[in-house]
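Below you will find the structure I want to go over with you.
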Amino acid sequence: MMKSADIALENVTLTLGENRFNFDGIIAGGAINAVTGRSGSGKTTLVNLIAGFEAPSTGRIIIGDKVMNGIHIADRPVTLVFQDNNLFAHLDIFTNIGLGIDPALKLSPDDKARISKALERVGLKGFEKRKVASLSGGERQRAAFARALVRNRPVLLLDEPFAALDPDTRAEMGALLVELHRETGNTVVMVSHEPDEMDRLADHRLVIEHGRFSARY
């Protein structure tokens, strides 16, 4: 089990057009944290700041004991899973997951074994040579989780990862998320609009209104 990491946002500000965001608070380490709020409130902006896609105008973002300001996206201790999976359609599943270990695909025998083990863990044993286009929506999300497993980062960021799935598949993927979280002890930040999903999966909720944390529970 990996060491859990709190995420601290110290008076983090950002202006995008006419929208101003100001996040100040701590996201609990080693827990599943659901982020909710109205459309445009700043949920995805929060994820982008933690991941490094956006740089704060002021303030500091700290993961564990390390300040993230100025740290390149690839060097941050985070893995991201989005609604569209970020899988490359022209590559097979094994290669897609291998990119999570090394973008140059210089994979050692141990790396290849990790990929096979991750695929087996998420229920995709034997899918190594399958192309993305041949997979269902749930299978694509399972592949995205396998890539997160091989990256083995202490923070997992999820931006509405199950939104395009049917209810049964959505429930299956939520259960898999909880299982993997229990095994790794990682810090999960999950954007969601579904109250039932948050009740079922999350340890904590963060509510964002007008670009700020308005409630935590």
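Values in this text are rule-based calculations from the coordinates and carry no lab data. Being a predicted model, the structure only gives us computed values, none of them experimental. Quick reminder, even Gly has a Cβ in these numbers, built from the backbone with ideal geometry, and neighbours come from all protein chains shown.
Checking the condition surrounded by 19 or more Cβ atoms within 10 Å (Cβ to Cβ) and either of a type in the set (Phe, Trp, Tyr) or closer than 27 Å to Leu9 by Cα (or both), which residue from Asn86, Asn69, Asn22, Asn96 passes?
The conditions single out Asn22.
Only one of Gly174, Gly123, Gly185 is in contact with a Lys or Arg (Cβ under 7 Å, 6 or more places away or on another chain) and closer than 20 Å to Val47 by Cα. Can you tell me which?
From the options Gly174, Gly123, Gly185, the qualifying one is Gly174.
Oh, and also: Restricting to the range 107-128, count the residues that are over 23 Å from the mean Cα position of the chain (by Cα), exposed (fewer than 14 other Cβ atoms within 10 Å of the Cβ), part of a loop (DSSP other than H, G, I, E, B) and on the phi < 0 side of the Ramachandran plot.
1
Would you tally the residues in the range 177-193 being surrounded by fewer than 17 Cβ atoms within 10 Å (Cβ to Cβ) and either charged (D, E, K, R) or in contact with a helix residue (DSSP H, G or I) (Cβ under 8 Å, 6 or more places away or on another chain) (or both)?
The qualifying residues number 4.
Let me ask something additional. Just one of Gly100, Gly126 is touching a Leu at 6+ places or on another chain (Cβ under 9 Å), within 25 Å of Ala175 (Cβ to Cβ), without any contact (Cβ under 8 Å) to a residue 12 or more places away in the chain and among the small types (Gly, Ala, Ser); which is it?
Gly126
Scan the range 151-166 residue by residue and report those that are closer than 26 Å to Gly40 by Cβ and not aliphatic (A, V, I, L, M).
Asp159, Glu160, Pro161, Phe162
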